[in-house]
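First the structure, in the form of structure tokens, and then the observations on it.
A short reminder: the numbers here are calculations on the coordinates, not readings from a lab. These numbers come from a predicted model, not from an experiment. Cβ sites come from the backbone with ideal geometry, for glycine too, and all protein chains shown count toward neighbours.
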Amino acid sequence: MARTVEITLYKLDELDERTQQNVVDAWRNGDSFLWADEWQESLNAFEKVAPIKVRDWSVGYPGTYVTFDIDEDVANLSGMTAYRWLVQEGWEQITRNQDCPFTGYCGDETLLDAIRAGLANPASISSLRDLFREALHDWAKAFEADYDYWDSEEAIREDIEANDFEFHADGTLAR
């Protein structure tokens with residue numbers, strides 16, 4: 001014989017504080033960073049057009065870094081010589097005529113910020129090695145900041161709220 005069962009569901013902010021924290025912790029531990037592949041694809045695409053070869057990189061623990069090799073024929077170009085090389089190799093066009101030109105993801109723009117700054121002020125280019133090091137450093141720090149935000153309680157709460165998730169009193173997700 002059929003019966004009717006009434007279940008009370010809660011929004012995250014309606015749960016007691018301890019249960020809310022358990023939900024946030026479980027959310028954080030049960031998911032992987034959604035944009036990691038896009039960040040990696042931006043780096044891979046940048047590497048194909050830049051005079052560099054990325055050897056290793058890490059974001060977060062144990063540290064954020066990018067190690068790379070650069071074509072030694074251009075590594076020490078500086079100032080106007082570096083500027084002319086960038087223009088000749090199409091970097092001026094890449095940075096001025098397109099948004100997110102490598103993959104369509106914002107990681108492309110982060111890689112280009114240092115290049116844009118060098119093109120705008122050629123005297124600031126101490127060497128192309130330093131310019132590309134700055135671009136890679138900016139990419140790694142932006143990736144780390146994006147991950148840190150995604151992993152934050154604020155972002156998790158926004159995700160839960162935006163998706164209208166509801167929970168049982170013990171914090172388990174109502175399906």
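Per-residue answers, yes or no, for (1) under 21 Å from the mean Cα position of the chain (by Cα); (2) of a type in the set (S, T, Y):
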| residue | (1), (2) |
| --- | --- |
| G90 | no, no |
| R96 | no, no |
| C100 | yes, no |
| T110 | yes, yes |
| F143 | yes, no |
Quiz item: Hey, D99 hits all of (1) more than 18 Å from D130 (Cα to Cα); (2) surrounded by 15 or more Cβ atoms within 10 Å (Cβ to Cβ) but one; which does it fall short on?
Solution: (2)
Quiz item: Within the group E158, E72, E109, which residue is without any contact (Cβ under 8 Å) to a residue 12 or more places away in the chain and buried (at least 18 other Cβ atoms within 10 Å of the Cβ)?
Solution: E109
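Across segment 31-47, which residue is surrounded by the fewest Cβ atoms within 10 Å (Cβ to Cβ) among those that are in contact with a helix residue (DSSP H, G or I) (Cβ under 8 Å, 6 or more places away or on another chain) and in a helix (DSSP H, G or I)?
Step one: of segment 31-47, the residues in contact with a helix residue (DSSP H, G or I) (Cβ under 8 Å, 6 or more places away or on another chain) are 33-36, 38-39, 41-43, 45-46.
From what is left, the residues that are in a helix (DSSP H, G or I) are 36, 38-39, 41-43, 45-46.
Details: A36: 14, E38: 18, W39: 24, E41: 16, S42: 26, L43: 22, A45: 18, F46: 25.
Among residues in segment 31-47 that are in contact with a helix residue (DSSP H, G or I) (Cβ under 8 Å, 6 or more places away or on another chain) and in a helix (DSSP H, G or I), the one surrounded by the fewest Cβ atoms within 10 Å (Cβ to Cβ) is A36.
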Quiz item: Just one of the numbered conditions (1) crowded, with 16+ Cβ neighbours inside 10 Å; (2) without any contact (Cβ under 8 Å) to a residue 40 or more places away in the chain; (3) within 19 Å of A145 (Cα to Cα) is not true of Y61; which one?
Solution: (1)
